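For reference, the structure discussed in these notes is given below.
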Amino acid sequence: MYSGALMRRGPYISMITNRTMNLLIRAAMLFMVGVFLALVLNLLQVQRNVTLFPPDVLSSVFSSAWWVPPCCGTAAALIGLLYPCMDRRLGEPHKLKREWSNVMRCVAVFVGINHASAKVDFANNVQLSLTLAALSVGLWWTFDRSRSGFGLGVVIAILATLATQLLVYNGVFQYTSPDFLYIRSWLPCIFFAGVITVGNIGRQLALYEYKVNQEKTHQD
């Protein structure tokens, strides 16, 4: 009787173990994506003197504070895992065409939005903020269009903006020419676009994992 129960539990335990391992692998990949984007995009901001770090906290070849890439990597892992989870919970599958080429285009557009915030000169900050807001919403409309994606993007962008305000207030770093309390008014737009981008990467990784599991099931 005991051996029979153990045999029945065997496949279940194996399934849980595989699911946990796949989750850890996805989290690790998303973490690396977040670290890479943080290094590249923060380098652009520092070079253009948009963000300024005190000399005593500069500790990498990319002139970035050591804690920025790990924080961004952790945030990317959480966001990338949260998006497909919310899709399942809300019963709102991602309806747009989902391919890696589409995800790469989304990443390229996000990098372009960040590039515009650092290098394109506008008449005033209001014009820049409105332009980046339109581009960010356009990114969501082009590569997402889900209510859960938009809602999570807005909520996480607000939380990230508040966290950045606290960091700047405590002197961890600063923005040149702040116009929205201690930061630049376009920063929430960058956060929103980044959340949508990482969310799409997380969805694509989850879809790839699902397809692989389906193929294994059919083979068995």
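Need one value: the accessible area of residue 179 in square angstrom, 1.4 angstrom probe, rounded to the nearest 10.
So the heavy atoms of residue 179 present about 70 Å² to solvent.
For 141, 100, 67, 186, what's the largest-to-smallest order of accessible area, 1.4 Å probe? Please report the intermediate quantities before stating the final value.
Numbers: 141 140, 100 100, 67 55, 186 5 Å².
The ordering from most to least exposed comes out as 141, 100, 67, 186.
Whose amide H sits under 5 Å from the amide H of residue 185, counting only residues 5 or more places off or on another chain, with H placed in the peptide plane?
For residue 185, the qualifying residues are 179, 180.
With a 1.4 Å probe and all protein chains kept in place, how much accessible area does residue 29 have, in Å² rounded to the nearest 10?
For residue 29, the solvent-accessible surface is approximately 80 Å².
Counting only the backbone N, which residues of the stretch 170-197 are under 20 Å from the spot 7 Å out from the Cα of residue 124 toward its beta-carbon?
Hits in the stretch 170-197 for residue 124 at 20 Å: 176-189.
Ignoring everything but the protein chains, give the 1.4 Å probe accessible area of residue 173 in square angstrom, nearest 10.
20 Å²
Would you mind checking the stretch 169-200 for residues with the amide N under 20 Å from a putative spin-label position 7 Å along Cα→C-beta of residue 147?
196, 200
What ranking do 75-84, 145-154, 18-27 get when scored by the average of other Cβ atoms within 10 Å per residue, highest first? Spell out each step's value before the answer.
Working: 75-84: 22.3, 145-154: 17.7, 18-27: 13.7.
Top to bottom by mean Cβ count within 10 Å: 75-84, 145-154, 18-27.
The values are calculated or read from the model by the stated rules, or taken from the named source; none is laboratory data. Values in this document were obtained by computation on a predicted structure and should not be read as measured data. Ideal geometry is used to build each Cβ from the backbone, glycine not excepted, and the neighbour counts take in all protein chains shown. All accessible areas refer to the heavy atoms of the entire protein, side chains included, with ligands and DNA or RNA removed. Shrake-Rupley method; radii C 1.70, N 1.55, O 1.52, S 1.80 Å.
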